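Input: a single structure, listed below in structure tokens.
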Amino acid sequence: YGDHRDLHSFPTRRSSALALAALKTRDARFDEEKFCERVSAAFVKIQDAWSEQKLAAVRAFISDGIHERFSLQIKMQQADGYRNQMEDVKVLACGIAGVYGDDHFDTIHVTIHASAVDYNVRLKSGKRMDGSAQPEEFIEYWSFHRKPGVQSLSGPGSIEGNCPNCAAPLQIVDQAKCDSCGSMVNSGEHDWVLAEITQAREWRVPDNDRRVPGLAVLKKIDPGFSAQHVEDRVSVMFWRLQAANFFSDAAYAQPILSDTMPDDQKQKRTAEISSAMFWKDPAVGKVELIDVVLGEEGEMDRIRVMLRWSGILAKRSAKGKQQEIRSKNIYTHVYCLVRRHGVKSDASRTFSSSACSKCGAPIAVSKEPTCVYCGAELTEIGRAHV
């Protein structure tokens, strides 16, 4: 589900001892070894779900951003008639690379050193295509978030397939919601949620204490605001735009593009979507909040987020054949999110980045900028231009 073949040595452990100590103080049951065991199990489950192109088994412990990313990638693979097979997956080592805590979340960044046979398979014939024949080692950095004060579970949780609130077996369909107690199980209110996967080449120990211009003022006005929500949402936006280009269908991008986008950018986006050009095998490396600019009453607040990604520029002929135009390269884009000044964030929906802010329903592929379930304006969370 990305370019994971870069093998780097483990970084020096620079996780904050104070943050880890504070986490253990609030959660006496937290155990690093058990946590890494759960992460390793989650890693293998996700590889299996990815290979089978069925995400229901992992929906409960991944954010909307991760789910949207995988879902659209799988849909594009299926359109091209193949699936990516991760075989003989083994976690060779798992360790905590960094810990951070704020008012909204405890965050644990995990280094996963793994190996797998990685190749593609044709959907119709089942024949093997390109890829590795032997296990190859790689490293990824997975970031898990959980609400401060939540206690480690004594029994199975969302990673194991049980509701972390009532322990009932989970039957996930559209939403990561427990049928028995109604809890949103990927909210971070009951268990750890995977919210970001960073490739080794892009990884650096996050400077969570860095001063993002304008962020402190915004948090005073909007205490529920979360940088994690914004970064997760930008990941959703990126994959929606990629799908729009791939399928030449603006409906994928309609819910996340702003009506305030300048005409020249709007024309550029329309031309990109309607052209035969698309990005093959895109992979997100890093998403990071840059700054916040607050408007006056009646104006828009603006947030800029940097996204680094890689991809191969390709062109599709009238007969459906693909031709690579430009080899894989790394790109940096800045997304500008806008929201009406005075709108307050709902902290309980931090990881519902591709869901309606009113009813929680998944944002469908639609040309309408409203929720197909309740009719709410999708602009309540904010839309973006790039």
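Descriptive notes on the structure:
- With the charge dipole of the range 49-152 set up from +1 on Lys and Arg Cβ and -1 on Asp and Glu Cβ about the Cα centre, the Cα lying farthest toward the positive end among the listed residues 93, 129, 152 is that of 129.
- Extending 7 Å from the Cα toward the beta-carbon at both residue 211 and residue 281 defines two label points whose distance is 4.3 nm.
- Karplus-derived 3J(HN,Hα) values for the range 320-337, using 6.51 cos²θ - 1.76 cosθ + 1.60 with θ = phi - 60°, are x, 6, 9, 10, 6, 9, 9, 5, 4, 9, 9, 10, 10, 10, 10, 9, 10, 9 Hz; glycine and proline are entered as x.
- Charge tally in the Cβ shell below 11 Å around residue 66, where Lys, Arg are +1 and Asp, Glu are -1, residue 66 excluded: -2
- For the range 282-340, the residue among 336, 320, 290 whose Cα projects farthest onto the positive side of the dipole built from Cβ charges is 320.
- Seen from residue 325, the other residues with C-beta closer than 15 Å to its C-beta sum to a net charge of +3, counting Lys and Arg as +1 and Asp and Glu as -1.
- For the range 206-318, alpha-carbon Rg and Dmax in angstrom: 16.4, 54
- Computed over protein heavy atoms with a 1.4 Å probe, the accessible surface of the range 167-317 works out to 43 Å² per residue.
- Peptide packing: for 324-332, 267-275, 248-256, the average count of neighbouring Cβ atoms within 10 Å per residue gives the ranking 248-256, 267-275, 324-332, highest mean first.
- Database remark: amide H of residue 285 closer than 5 angstrom to the amide H of 308, 309, 310 (H placed geometrically; neighbours at sequence offset of 5 or more, or on other chains; Pro and chain starts carry no H).
- Applying 1/(1 + (r/R0)^6) with R0 = 30 Å to the Cβ-Cβ distance of residue 125 and residue 29 gives a FRET efficiency near 0.05.
- Subset of 54/177; 220/344; 45/280; 90/286 violating a 20 Å alpha-carbon distance limit: 45/280; 90/286
- Straight Cα distances below 16 angstrom link residue 319 to the aspartates and glutamates 80, with same-chain residues fewer than 8 positions distant left out.
- Residue-wise HN-Hα coupling along the range 32-43, computed from phi with Karplus coefficients 6.51, -1.76, 1.60 (Hz; x: Gly, Pro): 4, 5, 5, 4, 5, 5, 5, 4, 4, 5, 5, 4
The values are calculated or read from the model by the stated rules, or taken from the named source; none is laboratory data. If you're wondering where the values come from, they're calculated on a predicted model, not measured in any experiment. So basically every Cβ, Gly included, is an ideal-geometry build from the backbone, and we count neighbours across all protein chains shown. Accessible surface areas use protein heavy atoms only, side chains included; no ligands, DNA or RNA. Shrake-Rupley method; radii C 1.70, N 1.55, O 1.52, S 1.80 Å.
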